[in-house]
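For reference, the structure discussed in these notes is given below.
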Amino acid sequence: GRNDVLSSKASTSPALIRKYRSMGDAIYANELRLFKQGKNSSSDEQWVENTMRKGTLKDRIAAMSVTLSSDPLHKFYALDGLMSMVGCSSSSNDGGRVNSRVAQLTAEAMEDLFTNTLLPPDRKLLTLAQRPLAQYENSGSGDNDNETGKTKNKKNKSSGKKSLSPRILLLWRFEEMIKEKYELYLRQYMAKTLQDGAELQKIATLRSAGNLLTSVPEGEVQLLNMMVNKLGDPEKKTAAAAGHQLRLVLQEHSNMQNIVAREV
């Protein structure tokens, strides 16, 4: 059931989504606890962890990138570190003020992580609201302590309910967490930089947006909207860069011509 998706006509109640999100968070917290208990850090890992805290700017970014790409599930905290360096904060819609050079170097690393590690190249990420959670409800409804296991199995089959593996729920919740981080990155760093950044920052961000739009389907609506909007930028170089990046996208994905034309 790992790839199960809710049918387009169905919907899941907010209460059920909150319930399974809470269950997924509890499983994830326990998984991290077990991972730390059974972990024997090598000298290389200790060196990388120390570099993340005390190294030079480029070394810190590289250490966080390596840490995250080596084990995204258990080292997800490294993404939070990178997000904070580009001014993205889940507690604020505005994000924090950061050094533009720091943000640009970090954004280059994050583009690589999103395209090569965190985002699937062939589909969009799914939230728990898009998963068929209702079919896992009441998987033992009507059972009591006096019934035999055989009777319980019959009831489960007759009710058509399924049991949800904790591992699958963990992966579903983790996918949702990645989606939330990526949306935050697009909204608080990329969109904000294209609106308020210096010309060179805007051009670099447009290049990154074009690469992301070409490589992964996630966030394509937001990315395309950002890029097309910059065609009318007062700075001629920025407007030209937007047009150039859109042409590069269409060279890779010619089937997007109608979509881009409508957006323009």
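What follows is calculated from the coordinates using simple rules that are stated; it is not laboratory data. Owing to the predicted nature of the structure, the values given are computational and were not obtained by experimental measurement. Counting neighbours? That spans all protein chains shown, and the Cβs are built from the backbone with ideal geometry, glycine included.
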Compute the acute angle (0 to 90°) between the alpha-carbon long axis of helix 220-229 and the principal axis of greatest extent of the alpha-carbon atoms of the chain; round to the nearest 10°. 20 degrees
Which value, in Å to one decimal place, does the Kirkwood hydrodynamic radius take for the range 30-92 when every pair of different Cα atoms is included? 12.5 Å
Rounding to the nearest 10 and keeping the result within 0 to 90°, find how far the Cα-based axis of helix 236-252 lies from the longest principal axis of the chain. 50 degrees
Mind checking the angle between helix 57-70 and the chain's longest principal axis? C-alpha axes, 0 to 90 degrees, to the nearest 10. 30 degrees
Only helices counted: for the chain, with every DSSP H run of 4 or more residues adding -39500 (n - 2.57) and the sum spread over all residues, [θ] at 222 nm is -19500 deg cm²/dmol
Per residue, what volume in Å³ does the Cα convex hull of the chain take up? 166 Å³
For the range 7-56, listing trypsin sites (Lys or Arg not before Pro) in a DSSP loop whose Cβ sees at most 10 other Cβ atoms within 10 Å gives K9, K39
Which residue fluctuates the most in the chain, going by a Gaussian network model with Cα springs under 10 Å, if the choices are S165, S69, S89? S165
Anything over 28 Å Cα to Cα? Flag those among K179/K202; K192/K237; K9/K192, in the order listed. K9/K192
What does the C-alpha gyration tensor say about the overall shape of the range 1-109? Classify as rounded when a/c is under 1.5, otherwise prolate if a/b is larger than b/c, or oblate. oblate
In terms of Cα to Cα distance under 17 Å, which aspartates and glutamates are near enough to K162, apart from those fewer than 8 places away along the same chain? D4, E137, D143
Given a Förster distance of 25 Å, report the FRET efficiency between R2 and S43 from their Cβ-Cβ distance, rounded to the nearest 0.05. 0.10
Mind giving me the nanometre distance, one decimal, between the label points for F35 and E235, set 7 Å out from Cα along Cα→Cβ? 3.8 nm
K58: which aspartates and glutamates have alpha carbons under 19 Å from its alpha carbon, excluding same-chain residues fewer than 8 sequence positions away? D44, E45, E49, D80, E108, E111, D112
How far apart, in nm, are two points set 7 Å out from the Cα along the Cα-to-Cβ line at L57 and at L126? 4.1 nm
Taking only Cα atoms of the range 212-264, what ratio of Rg to Rh do you get with Rh as the Kirkwood inverse-distance radius? 0.95
